[in-house]
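Q: Dumping the structure here so I can ask a few things about it.
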Amino acid sequence: MELHPNCGQLYADWSVVNTKQNDFGGAIQKLTKARELEPENQDFMKMMSINLVCIGQVDRGVDMMARARARRPAIITSPACSTG
């Protein structure tokens, strides 16, 4: 995080750890940050929707998944994550 604080993918990856530990609130916090940094990233929206369903916010999760599917393909490489 210190080397690439503006890399949404790092926050999204960190959210996976929270999800695997059943810390869905923590995952949502990380994914919210990831989406702030890369708002067009479909994958982040899909991940967020799954975590919303896991905390019982089914309507929000389904709505977000529908919006994610309606968007253009996810960004493959983020300039903020580049090491070069």
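Q: Please identify every one of the GluC sites (Glu not before Pro) in segment 1-47 that sits in a loop by DSSP and has no more than 10 other beta carbons within 10 Å of its own beta carbon.
A: E2
Q: With label points built 7 Å along Cα→Cβ from the Cα atoms of R69 and E36, find their separation and express it in nm.
A: 3.0
Q: Can I ask one more? For segment 8-73, what are the per-bin percents of Cα-Cα distances with bins 10 Å wide, up to the bin holding the maximum?
A: So the P(r) values, bin by bin, are 27, 56, 17, 0.
Quick note: the coordinates plus some simple rules give every number you see, no bench work behind them. Because the structure is a prediction, the values reported are computed rather than measured. Every residue, glycine as well, gets a Cβ built from its backbone with ideal geometry; the counts of neighbours run over all protein chains shown.
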